[in-house]
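The values are calculated or read from the model by the stated rules, or taken from the named source; none is laboratory data. Note that the structure is predicted; figures quoted are calculated from it, not measured. Ideal geometry is used to build each Cβ from the backbone, glycine not excepted, and the neighbour counts take in all protein chains shown.
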Amino acid sequence: MDGIHDVGGMQGFGHVQELTSAPPFGEPWEGKAFAIGALAARIAGTNLHAFRHAIERVPPREYLRGYWNRWTIGAQIMMEDSGIVTDQEVRARAARLSGRDVAEPPPPAPHKPQMPSGGPGNLRSVESPPAFAVGDRVLAGDLHPAGHTRLPRYVRGRIGIVAALQPGAVFPDTAAHFLGENPQHCYAVEFDSRELWGPDAEPFRLFIDLFEPYLEPVT
Amino acid sequence: MTSAAELLDPALRVEALASLLTERGLIDETTIDTFIKTYEQSVGPMNGAKVVARAWTDAEYRIRLLAEGTPAIAELGFKGPQGEHIVVLENTPTVHNVVVCTLCSCYPWPVLGLPPSWYKDPAYRSRVVREPRQVLREFGLDLDDHVEIRVHDSSSEVRYMVLPERPAGTENLSEEDLAALVTRDAMVGVAKVAAP
C-alpha cells in the first residue's frame, strides 16, 4: 500500500536526530510495548509480514506520534484482525485504568488465519531457476498493490543492475495476507542516484533487495 | 482502530492492552520481563563489536565474515531473530557503506540489538537514500569527495552490518580493548571508529 510508512526520498522531515547511546527503552512502557509486539504474531496466529502490514495501516497521525506507539497500535490491529481484542475493549479498559467507570464490551470470537508454514524463519528454497543474473539490467515495476509490498515507491519505474542473488525467501506480498508463503528469488539491485533523483543528485549508489515478481528484464 | 477515534496516550494503550491480554492468559509478566531484559542486557551492539574486533585481529576470520556473515557471526555465538541472513559490508578508505530500512525498522538484532531512535525516525529513513552525504555530515561525519558512498536499504529478510575501518594507532591493543572502541553508529555506517 502507498502508506505513510514508505518514506524513502520524502522531503520535509527535517534534521536527523542526534546520535546517542541511549538504552533501547526510554521508559518502562516502551519495553512492555516491544514485548507485546514481539509476541503479537504468535498470539494472533499470524506472521512477521502481517505485523509489518498492520503497522503500515496505523493511521498517519498515530504513525508519526512515535515508534513504540505505532508498534503497539500495529500489534493491536493485527490482534483485532484475528478476533483477539477489539478497539472498543482497549478504549474501555484504558478508561477504567484512568479511573472512569465505563462498561466493558464483551470480548470478540477469535478467528485466526490458517496459512501453512514451510518451517521456521523466512529463508526458503525456490524450485524455479532465478530469472536474473548478476549484471542484468532490471526495471522495478510501477506497481501499486493495495496490500503489503516491500517494493518502495522511490524505486518503482527505475532501472537498476542486479548486484547479487540473495537467498530465496517467503514472499511478503502474499504471506502478509495469508495467501501462502509463495517463496521467491530475491536480488540486491543497484541503482545510480541520478536514476532515482535526477541529474543534480549527490553521486552515490543505492542497493536494495527486491523480490523477483517486482522486476522486469530490460533489453 | 479507526482514524477518527480519539488519540489515546501511548503508555495508557500499552497498559490497557497488556491488561486484557494478561486476563486472557495470552501474555504473562515473566515472558514480558524476559523479552525486555534480553534486549536491555544480552543482545546489543557489544555483540557486533566483538565480531568487528575479531575481524580486525584475525585475517582468516575477516575473510570468512565478509564471504558469509551469518555462520562467521554464529561462531561467536550470535544468532536469533532478525539475523537469518546477515551480510557484512566492509568500509575502506575509498568505500563507505551505510544501512537503512526505509519501509520500517529492519536491523540485525543478534549483532546490534534493537535499533536506536534516530534509525527508526522518518528523517533518517527518508533522507539517507536521497542525500546520504548531507545526512552523514549532519551526524558529524564529513567524508572526502573521493569516497564512494553505498547506501543499503534493508527491504527483504537480509540484514546488514558494517565492518568499520580499524583506526590508526591501535596496533598494540588487545581484541577486547578493540571491541570497547567499536560503536553501534560505526556498525550502521553513520560514524567511524575513533582512535582511543
| Number of the exception - B:A67 against (1) touching a residue at least 40 places away in the same chain (Cβ under 8 Å); (2) out of contact with any strand residue (DSSP E or B) (no Cβ under 7 Å at 6 or more places or on another chain); (3) within 30 Å of A:P203 (Cβ to Cβ) | (1)
| note | Per the list (1) assigned by TED's automatic domain parsing to the domain that holds A:G3; (2) in contact (Cβ under 8 Å) with a residue 24 or more places away in the chain, residue check on A:R70 breaks on (2)
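Residues are listed down the side, and each one gets a yes or a no for (1) at pLDDT below 95; (2) surrounded by fewer than 19 Cβ atoms within 10 Å (Cβ to Cβ); (3) closer than 23 Å to A:A164 by Cα:
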position: B:I32; (1), (2), (3): no, no, no
position: B:S42; (1), (2), (3): yes, yes, no
position: B:P45; (1), (2), (3): no, no, no
position: B:G48; (1), (2), (3): no, no, no
position: B:R54; (1), (2), (3): no, no, no
position: B:P71; (1), (2), (3): no, yes, yes
position: B:F78; (1), (2), (3): no, no, no
position: B:L112; (1), (2), (3): no, no, no
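For (1) within 20 Å of the chain's Cα centre (by Cα); (2) over 20 Å from A:R153 (Cα atoms); (3) within 12 Å of chain A (Cβ to nearest Cβ), each residue gets a yes or a no:
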{"site": "B:A123", "(1), (2), (3)": "yes, no, yes"}
{"site": "B:E148", "(1), (2), (3)": "no, yes, yes"}
{"site": "B:M161", "(1), (2), (3)": "yes, yes, no"}
{"site": "B:E171", "(1), (2), (3)": "no, yes, no"}
{"site": "B:A179", "(1), (2), (3)": "yes, yes, no"}
{"site": "B:V193", "(1), (2), (3)": "yes, yes, no"}
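Given the options A:R124, A:R93, A:R137, name the one that is closer than 29 Å to B:T70 by Cα, within 11 Å of another protein chain (Cβ to nearest Cβ), out of contact with any Lys or Arg (no Cβ under 8 Å at 6 or more places or on another chain) and not β-branched (V, I, T). Before you say what the answer is, go through the steps one by one.
Values: A:R93 fails: closer than 29 Å to B:T70 by Cα; A:R137 fails: within 11 Å of another protein chain (Cβ to nearest Cβ).
Residue meeting the stated conditions: A:R124.
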| query | Hey, among the residues in region B:9-30 that are surrounded by 13 or more Cβ atoms within 10 Å (Cβ to Cβ) and among the hydroxyl-bearing types (S, T, Y), which one's farthest from the other protein chains (Cβ to nearest Cβ)? | reply | B:T22
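So that you can scan it fast, the table gives a plain yes or no per residue for (1) under 22 Å from the mean Cα position of the chain (by Cα); (2) buried (at least 16 other Cβ atoms within 10 Å of the Cβ):
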{"residue": "A:P106", "(1), (2)": "no, no"}
{"residue": "A:K112", "(1), (2)": "yes, no"}
{"residue": "A:M115", "(1), (2)": "yes, yes"}
{"residue": "A:P129", "(1), (2)": "no, no"}
{"residue": "A:V138", "(1), (2)": "no, yes"}
{"residue": "A:H148", "(1), (2)": "yes, yes"}
{"residue": "A:Y154", "(1), (2)": "yes, yes"}
{"residue": "A:A163", "(1), (2)": "no, yes"}
{"residue": "A:A169", "(1), (2)": "yes, yes"}
| message | If a residue counts only when it is under 21 Å from B:R125 (Cβ atoms), which strands (runs of 3 or more DSSP E) contained entirely in region A:110-203 have at least 3 such residues? | response | A:184-192
| remark: If we keep only residues of region A:66-90 that are at the interface with chain B (Cβ under 7 Å from one of its Cβ atoms) and among the charged types (D, E, K, R), then the residue farthest from B:L17 (Cα to Cα) is A:E80
